[in-house]
1. Got a number for residues in segment 283-298 being hydroxyl-bearing (Ser, Thr, Tyr) and either open to solvent by less than 10 Å² (accessible area, probe 1.4 Å) or assigned to a loop (DSSP other than H, G, I, E, B) (or both)?
2. Give segment 1-39 a look and list any residue that's surrounded by fewer than 22 Cβ atoms within 10 Å (Cβ to Cβ), among the small types (Gly, Ala, Ser) and touching a residue at least 40 places away in the same chain (Cβ under 8 Å), or say none.
3. On the given criteria, is Cys421 touching a residue at least 24 places away in the same chain (Cβ under 8 Å) and either of a type in the set (Gly, Ala, Ser) or more than 28 Å from Asp356 (Cβ to Cβ) (or both)?
4. Across segment 71-94, what is the total count of residues that are surrounded by 18 or more Cβ atoms within 10 Å (Cβ to Cβ) and within 25 Å of the chain's Cα centre (by Cα)?
5. Being touching a Pro at 6+ places or on another chain (Cβ under 9 Å) and aliphatic (A, V, I, L, M) is the requirement here; does Leu255 meet it?
6. Restricting to segment 137-171, what's the tally of residues that are open to solvent by 10 Å² or more (accessible area, probe 1.4 Å), of a type in the set (Val, Ile, Thr) and either in contact with a strand residue (DSSP E or B) (Cβ under 6 Å, 6 or more places away or on another chain) or in contact (Cβ under 8 Å) with a residue 60 or more places away in the chain (or both)?
7. Among (1) over 26 Å from Val270 (Cβ atoms); (2) surrounded by fewer than 19 Cβ atoms within 10 Å (Cβ to Cβ), which single condition is Thr330 missing?
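The values are calculated or read from the model by the stated rules, or taken from the named source; none is laboratory data. Bear in mind the structure is a predicted one, so any value in this text is a computation, not a measurement. Here the Cβ is made from the backbone with ideal geometry for all residues, glycine too, and neighbour counts use every protein chain on show. For the accessible areas, the whole protein counts, side chains as well, though only heavy atoms, and no ligand, DNA or RNA atoms are used. Shrake-Rupley method; radii C 1.70, N 1.55, O 1.52, S 1.80 Å.
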Amino acid sequence: MADNTNIKLRQKMMYSLFVRNHTPEGTFAAVEKDLDRIQSLGTDIIWFMPIQPVGVLNRKGKDGSPYAIKDYRKVDPSMGTMEDFRHLTEEIHKRGMLCILDVVYNHTSPDSWLIENHPDYFKRDEEGNTVTLVPDWSDIADLDYSKTQLWRYQIDTLKMWAEMVDGFRCDVAPRVPVDFWRQARKEVEEIRPGAIWLAESTEKHFVKFIRSRGGYCATDSQLYDVFDICYDYDIWPEFMGYVKEDSGFRLSLYLDEIEKQEGTYPENYVKLRCLENHDQERIAYHVGGDRQNILNWTAFSFFLKGMAFVYAGQEKMLSHQPSIFEKDPTDFGGGEDISDFIARCAHIKKKELTADGIYGSFADDDRDIAYLWCKMKQKCVLGIFSLKGYEGKTAAYIADGVYENLLTGEVVSVSEGQFACDGKPIIVALNTDELKEREMRVNL
């Protein structure tokens, strides 16, 4: 794990947006007008998906993927100028937020500035053609990190951007040598002390696939030697299996995978807890737009140990996944606005949960109810989440009494160890000795 990782990142919320799709204008200036609303959600960090020019050769769709970058050191002119972006970052900082920039260092577009000026920086087949190990990624060319000159160019580029941004989200981070990231972090720290490093770590089947093709691919455990935050793709198959109601994927299996992270990663590990992102279908799509399910999953994800995450449009319960290959503005006027609910979840994460608390979980598989808790010295916070819409009498696993639901201000009455579940997510604060963790374990 990076020695200077701040575990208080576990109490933060990140908001991800793609400038081209965030507004009808698709510009930095238009995003700037939305900063106050984004901040009101409880946002601490804004992650900008790539803002650089997109390549033309082998382009997918009309506008091309932002992950097929043509020039690392320029901005897409359709979004504005470099000065426009600098001004946007300054406005973010004035509001007390931070921002990170997407770094796509595994590959470039096949017609990039680097290919034209440094063709030896790329992996090639026996005929001299550029290659990619992932067949579906036909619009990119893989870089060759055995070339030390490439390291210098890439790190100098990071240092250039670090003059404006507060860190980086590193695309397909496992495909780039960890030793490179270590050197990059060391040098960026001189420009931007405390810079945030988020790795798009990958599912285990992707690691196995790349290695089977002779490629390099690091695991989360390796990445944590350098990065502050990794994706929770290590448990994504279990999450998706449960959400999609695939046979054999019970809630207890998913919670068990979350528990395994405690025994797998360094003590100060931070996971990015997302329900959706630009690569994944929206949670509203998976649950058929069911409001109660969305609220439960939202509160659940904020409660988990790790950094909370919102993908632009999630606050409107949108079910449409915007295209990254065509201009596809996010419809903030559609859907139902749950911004206030998200802001409440963010407040609870910052004020009620602690970065160094002891987290635990229990699954009622029969009712599809997840119990999550964070135990501190004298205080405990318990979350009860009805993830498949169960309503009715159920065990509370806390002492009899009257509690306040921190999410709504409503009263939760517990009598004879039970309460009337109405399907709404519940978070209550209590004394540590009021949590009946032993009773949960008896029911396992």
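1. Here the count works out to 1.
2. If the condition is that a residue be surrounded by fewer than 22 Cβ atoms within 10 Å (Cβ to Cβ), among the small types (Gly, Ala, Ser) and touching a residue at least 40 places away in the same chain (Cβ under 8 Å), then Ala2, Gly26, Ala29 are the ones that fit.
3. Criteria met by Cys421.
4. 8
5. no
6. Residues that pass the stated criteria total 1.
7. Only one criterion is unmet by Thr330, namely (2).
Results for (1) more than 17 Å from Lys351 (Cβ to Cβ); (2) touching a strand residue (DSSP E or B) at 6+ places or on another chain (Cβ under 8 Å), shown as yes or no for each residue.
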residue	(1), (2)
Tyr371	yes, yes
Cys380	no, yes
Asp400	yes, yes
Glu410	yes, yes
Glu416	yes, no
